[in-house]
1. Taking a temperature of 4 °C and a viscosity of 1.567 mPa s, what whole-number D in µm²/s does Stokes-Einstein yield for the range 76-200 with Rh from Kirkwood over alpha carbon pairs?
2. Whole-Hz Karplus ³J(HN,Hα) for the range 83-97, in order, using 6.51 cos²θ - 1.76 cosθ + 1.60 and θ = phi - 60°, x for Gly and Pro?
3. Quick check: residue separation of Ala221 and Arg248 times 0.36 nm, minus the Cα distance between them. What number comes out in nm?
4. Strictly over 22 Å apart at the Cα level, which of Lys132/Lys244; Lys80/Lys278; Lys244/Lys278; Lys157/Lys244 would you flag in this model?
5. Could you work out how much longer the chain between Ser91 and Arg295 gets when fully extended? Use 0.36 nm per residue separation minus the Cα distance between them, nm to one decimal.
6. Grab the Cα-Cα distance for Ile131 and Asn165, subtract it from 0.36 nm times how many residues apart they are, and report the gain in nm with one decimal.
7. For Tyr162, what charge total do you get from the other residues with a beta carbon under 13 Å from its beta carbon, if Lys and Arg give +1 and Asp and Glu give -1?
8. Would you pull out the residues with amide H under 5 Å of Val121's amide H, same chain only if 5 or more places away, H placed 1.01 Å from N?
Amino acid sequence: MSRTRVTAVPPVPNVDRPRSWRMLLTVAVAVLAAILVLTGVPGIPGLGGGAATARLSRVTPSAVAGGAAPQDRGTPAGSKPTGPYAARLPSFPPAPPPQPVTVPAGPSAGWYSRIPTNQPVAFLTIDDGWIKKPEARQLLADAHVPVTLFLTINAIKDNPDYFRNLPPNVVIEAHTISHPNLKGKSYAIQRHEICGSADRLGELYGRRPVLFRPPFGEKDATTLRAVRDCGMKAAFFWKETVDKGKVRYQVGHTVRPGDIILMHFRDRFVDDFTAALKAIHAAGLTPVLLGDYVR
């Protein structure tokens with residue numbers, strides 16, 4: 001009886017196995033990348049975490065209000081101007097770390113016409129909001145400098161959306177409801193104007209103001225008591241004003257460290273805004289945010 005030899009046949013290699021593993025690995029990486037992008041995890045090259053974080057931060061209430069937290073001021077001073085007005089605007093060196101003043105404790109809010117500092121900084125503030133030109137919003141975005149707006153409720157109520165979605169380096173503070181001269185008024189009237197304006201701005205823009213400017217710079221002891229009772233830290237006057245493209249000084253002929261500059265939303269906003277920044281630049285100073293220097 002003859003025996004049949006059975007030759008062992010080597011197993012056929014699974015040529016699809018490496019391809020399957022590569023496909024699974026590719027899918028896993030894609031899923032992980034999508035999760036990281038959605039959660040905004042920074043520091044992963046090519047996955048876009050930082051961009052996602054920036055997109056999410058722009059829809060927070062403080063950013064909509066123009067009242068971003070101190071650590072999220074948008075483009076800091078030190079960046080070059082951009083946009084159609086860039087050629088008219090000066091560039092500034094980076095601002096130093098803020099050295100805020102501490103408002104004295106007590107029943108009254110602090111009162112400042114300038115911030116007592118030797119740092120090479122100045123503060124640009126813009127009042128009211130009666131005139132709402134598109135070029136004003138353009139300049140606030142193009143200049144890349146911190147600006148404080150003291151808005152009057154009656155001035156903005158016809159178009160509150162004009163002051164929405166401002167760049168995060170622009171912060172909104174309070175300036176009464178109807179822009180009266182508060183000096184000499186009763187506590188009830190002053191409290192209504194001050195608290196009411198802060199409450200309404202908080203409702204409109206998602207951040208309740210912590211700073212106040214009395215109309216015309218007029219105040220008395222009752223004003224400062226009402227400011228504090230309304231939950232705000234300090235009230236402000238100014239050292240320079242700007243109108244029709246000209247800077248007017250209370251003292252000397254230059255902006256000094258710590259000075260607060262006042263301008264308004266007026267017809268010649270472009271000229272006024274440009275003149276204010278050029279005066280700050282000529283003095284060797286950098287614009288910074290008023291709220292960063294008061295605690």
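The values are calculated or read from the model by the stated rules, or taken from the named source; none is laboratory data. Small disclaimer: the values here were computed from a predicted structure and weren't measured. Neighbour counts are summed over all protein chains in view; Cβ atoms, including those assigned to glycine, are modelled from backbone coordinates with ideal geometry. Please note that ligands, DNA and RNA were not included when accessible areas were found on the heavy atoms of the full protein model with its side chains. Shrake-Rupley method; radii C 1.70, N 1.55, O 1.52, S 1.80 Å.
1. Translational D for this selection: 77 µm²/s.
2. Listing the rounded values in order: x, x, 9, 4, 5, 8, 9, x, 9, 10, x, x, 6, x, x Hz.
3. Numbers: separation 27, 0.36 × 27 = 9.72 nm, distance 2.78 nm.
In short, 6.9 nm is gained.
4. Lys157/Lys244
5. Length gained, Ser91 through Arg295: 70.6 nm.
6. On the way: separation 34, 0.36 × 34 = 12.24 nm, distance 1.76 nm.
Full-extension gain reported as 10.5 nm.
7. Numbers: positive: Lys132, Lys133, Arg137, Lys157, Arg164; negative: Asp128, Glu135, Asp158, Asp161.
For residues surrounding Tyr162, the net value is +1.
8. Long-range HN contacts for Val121: Gly258, Thr286.
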